[in-house]
1. Rounding to the nearest 20 debye, state how big the charge dipole of region 1-74 is about its Cα centre with +1 on each Lys and Arg Cβ and -1 on each Asp and Glu Cβ.
2. Considering only ILE314, LEU297, GLY151, whose Cα is most displaced toward the positive end of the charge dipole of the chain, charges sitting on Cβ of Lys, Arg (+1) and Asp, Glu (-1)?
3. Where the only charges are on Cβ atoms (+1 Lys, Arg; -1 Asp, Glu), what is the dipole of the chain about its Cα centre, to the nearest 20 debye?
4. FRET efficiency for LYS34 and GLU285, Cβ-Cβ distance as r, R0 = 45 Å, nearest 0.05?
5. Could you go through region 139-147 in sequence order and give the Karplus-derived ³J(HN,Hα) for each residue, using 6.51 cos²θ - 1.76 cosθ + 1.60 with θ = phi - 60°, rounded to whole Hz, and x for Gly and Pro?
6. Just to be sure I understand the model, the point goes 7 Å from the Cα along the line to the Cβ. What's the resulting LYS202 to LEU231 distance in nm?
7. Tell me which residues come under 5 Å, amide H to amide H, from LEU127 once H is placed; ignore anything under 5 positions away on its chain.
8. When ARG136, ARG46 are ordered from fewest to most other Cβ atoms inside 10 Å of their Cβ, what list results?
Amino acid sequence: MDINYKYTLPKQSRPIIIIGAGGIVNDAHMPAYKKAGFEVYGITNRTKARAEKIAEKFDIPRVFEDIDDAIQQAPENAVFDLTLMPNQFVSTLEKLPDGAPVLIQKPLGDYFEQTQEIIEVCKRKKLIAAVNCQLRFAPYIMAARDLINKGAIGQVYDMEVKVSVHMPWELFPNVMYHPRLEIQQHSIHHIDLVRSFLGNPKSVMAKTLKHPAKEMSSTRTNVIMEYADDLRALVSTNHDHIFGDKHQESYVKWEGTKGAIYAKMGLLMNYPDGVPDAFEYCILEEGKKPEWKSEQLEGSWFPDAFIGTMSSLICYANGESDVLDTSIDDVMDTMLVVEAAYESSDKGGVTPNY
């Protein structure tokens with residue numbers, strides 16, 4: 001079967017200015033932009049030495065003294081790539097030129113009140129603002145979307161995201177002890193992914209839990225997103241599987257009236273090295289036994305999906321596309337679902353009448 005899983009690169013690129021020089025820039029943003037052939041005009045970071053290190057590694061021509069210096073030297077058509085923590089978004093967005101394209105790192109705020117402040121600044125300054133919810137652009141996700149859009153598996157009645165892995169949270173010291181760790185910092189990817197396929201849920205049931213031997217606020221979550229009576233949507237994550245590779249899982253599965261799709265998210269297993277991804281599909285044929293077929297896809301979540309989010313923003317800013325896939329308006333709804341998940345978790349379930 002012919003499967004189209006490639007994102008659209010802009011016909012005319014724009015110079016990118018990166019604000020922030022954390023691990024995600026080294027591991028994903030810069031490898032993605034290099035692979036795509038995007039021009040990174042310069043980089044800045046609160047600790048200049050970190051920006052200089054990344055600039056040297058990836059041949060970035062300019063290291064700015066600070067955000068103000070970066071904005072002052074920015075070309076008129078520059079795209080700003082914010083890789084900061086959410087509590088720095090508002091003050092940074094206030095400094096950007098009105099109408100500038102900007103890609104904001106997820107999550108769009110640590111709390112919903114902060115999300116509203118970020119949205120307000122973007123609207124007031126008429127920024128062309130998107131959020132880096134890049135899982136939508138992973139090759140296996142794009143491939144699944146293409147098959148579903150073509151009607152290959154019929155009407156989707158089940159979508160499940162399952163993650164049971166050992167996550168080395170110590171690699172993320174800035175968020176490791178965040179009071180809203182698992183959903184806000186990780187499962188937000190999966191919630192946003194479900195929304196991108198199924199739309200906004202009618203309601204949310206969730207429980208997020210901590211580990212008895214860890215100080216972190218939460219490392220495991222179940223989220224049920226309610227749609228129609230015949231459509232199940234489940235996100236189930238467990239980052240505490242410390243029992244070796246066997247029985248670890250990391251996948252997205254779609255089931256439909258005519259077939260099914262299975263996508264293995266290899267990145268999350270043996271993180272950060274990962275394992276190979278897998279993409280399989282089964283199309284039902286009358287009178288035949290179900291047969292699963294594998295498709296070898298090029299690329300992975302890191303770094304290729306990061307090309308997708310930046311390409312979408314540049315294409316929209318250029319007028320080459322009329323759709324901004326991860327716009328702040330769209331991701332605002334993801335944040336509302338996240339907020340509902342926390343509220344559901346806090347309220348707890350229904351007590352049986354014993």
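Computed from the coordinates by the stated procedures, all read-outs in this text should not be read as laboratory data. Because the structure is predicted, anything quoted here is derived from the model rather than measured. Heads up, the Cβs are rebuilt from the backbone with ideal geometry, glycines too, and the neighbour counts pull from every protein chain shown.
1. 220
2. LEU297
3. That gives a dipole near 260 debye.
4. 0.55
5. My calculation for region 139-147 gives x, 5, 6, 4, 5, 4, 4, 5, 4 Hz in order.
6. Reported label-point gap for LYS202 and LEU231 is 1.1 nm.
7. Those qualifying (amide H under 5 Å, at least 5 residues apart or on another chain) are GLY99.
8. ARG46, ARG136
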